[in-house]
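**Q** Here it is, the structure, as structure tokens.
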Ligand SMILES: [Zn+2]
């Protein structure tokens, strides 16, 4: 196991610093499926949960090789250090790193590599609130994410394989003043789905340069920067855990940490990044997983399709349909007819409840005399 993990790690080297050429060795090439090159992004799928000792051994053996750049060794050391942290500590460390004015690229690479490899199952919010409670955190839906990355639009690995339930999200809440505004009233020129050999994770809406682009829901701006093919991109985290992404902007009208309402102008449309002609590339994601925007928003009527949506796994993304209120849970009490010779302790044992609970269910004292044929509530 250790050997294969080591080989897998080696295949990452060219992506880290473009330093070595492991393809010449067929044994190493065998594990290349562990790395999926997706445009400029690298998705790292760890083969095993490596311990700190494994990393140390790997790094030591790398250092032993000739022509290993110092920057790579530093990066591996950072990576190893990050992997030693608990998730909460890690969030704190990453936040402090991102608060420094100039984050070295080598640190960013290590953090991103780590964030994409971290084993994080999707978490569903409890209940049907447009606002997921987030305690003392200034970040919306922090309970679901546990980190706040202001530099990378999609820092978490797609963990959809672990998501097998239907999730319901409330999109608008008039009581909580949680509304909706269409990002831009324009013609949809490209839909969500497979395009040019990869998934188009959003939809394209035609606009003119300088046209205002609006936040779809209230939330907090997480990212507002130039990022690879997105060009100038704004990511807003919403209070229900959804994130919306607005790409190819010409100008920013918001910055990370800005609290926005639905309809606030967060940027001006343009054609930055990998774009031909000015348009808005708009994505909706939940914990990093793309959701088909047109299943949530009617882009002809410029309104939400449903106030409550149900998200369900479909391939490598989530499909949205009309959510339904849950069946009201009608507690059905289980009854038992007391038999001759029964006593509370034995009945309690029989139904896996405590004597105290039995007494509470039936509003009786533990010393009450039971009689054969008496009806007792033994569970709910
Ligand atoms: Zn697009």
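**Q** Among 244, 276, which comes first, then next, by fewest other beta-carbon atoms within 10 Å? Walk me through the numbers on the way to the answer.
**A** On the way: 244 24, 276 7.
Going from least to most buried by this count: 276, 244.
**Q** Using only Cα atoms, what is the ratio of the radius of gyration of the range 334-379 to 2.2 N^0.38 Å? Let's see the in-between values first.
**A** On the way: Rg = 9.1 Å, N = 46, 2.2 N^0.38 = 9.4 Å.
This ratio for the range 334-379 stands at 0.96.
**Q** Here's a follow-up. Of the listed peptides 166-173, 193-200, what is their order by residue-averaged count of other C-beta atoms within 10 Å, with the highest listed first? Intermediate results must be reported in sequence, preceding the final value.
**A** Values: 166-173: 19.4, 193-200: 10.4.
Answer by packing, highest mean first, reads 166-173, 193-200.
**Q** Further question: Between residue 305 and residue 265, how high is the FRET efficiency from 1/(1 + (r/R0)^6) when r is the Cβ-Cβ distance and R₀ = 22 Å? Nearest 0.05. Could the numbers behind the result be given before it?
**A** Values: r = 24 Å, r/R0 = 1.08.
It comes out at approximately 0.40.
**Q** How long is the gain from residue 364 to residue 226 if the chain were fully straight, where each residue apart is worth 0.36 nm and the alpha carbon distance is subtracted? Kindly include the intermediate steps, with their values, before the conclusion.
**A** Working: separation 138, 0.36 × 138 = 49.68 nm, distance 6.86 nm.
Roughly 42.8 nm would be gained on extension.
**Q** Sticking with this one: Does the range 173-326 come out rounded, prolate or oblate by the C-alpha gyration tensor, with a ≥ b ≥ c the root eigenvalues, rounded set by a/c under 1.5 and, if not, prolate when a/b is larger than b/c and oblate if not?
**A** Working: a/c = 1.58, a/b = 1.19, b/c = 1.33.
It comes out oblate by the Cα gyration axes.
**Q** Also: Given a Förster distance of 56 Å, report the FRET efficiency between residue 336 and residue 316 from their Cβ-Cβ distance, rounded to the nearest 0.05. It would help to have the intermediate numbers written out before the result.
**A** On the way: r = 50 Å, r/R0 = 0.89.
E(calc), rounded to 0.05, equals 0.65.
**Q** Then there is this: With the cut-off at 1.5 for a/c, could you classify the range 234-316 from its C-alpha gyration tensor as rounded, prolate or oblate? Walk me through the numbers before you get to the answer.
**A** Values: a/c = 1.62, a/b = 1.39, b/c = 1.17.
Here the range 234-316 falls in the prolate category.
**Q** Between residue 185 and residue 209, 0.36 nm times their residue separation minus their Cα-Cα distance comes to what?
**A** Values: separation 24, 0.36 × 24 = 8.64 nm, distance 1.39 nm.
Taking residue 185 through residue 209 to full extension adds about 7.2 nm, to one decimal.
**Q** With each pseudo-label sitting 7 Å past Cα toward Cβ, what's the residue 298-residue 67 distance in nm, one decimal?
**A** Between residue 298 and residue 67, the simple spin-label model gives 6.3 nm.
Laboratory data are not the source of any read-out in this text; all were calculated from the coordinates shown. Just so you know, these numbers come straight off a predicted model, no measurement behind them. Methodologically, a virtual Cβ is constructed for each residue, glycine included, from the backbone with ideal geometry; neighbour enumeration extends over all protein chains shown.
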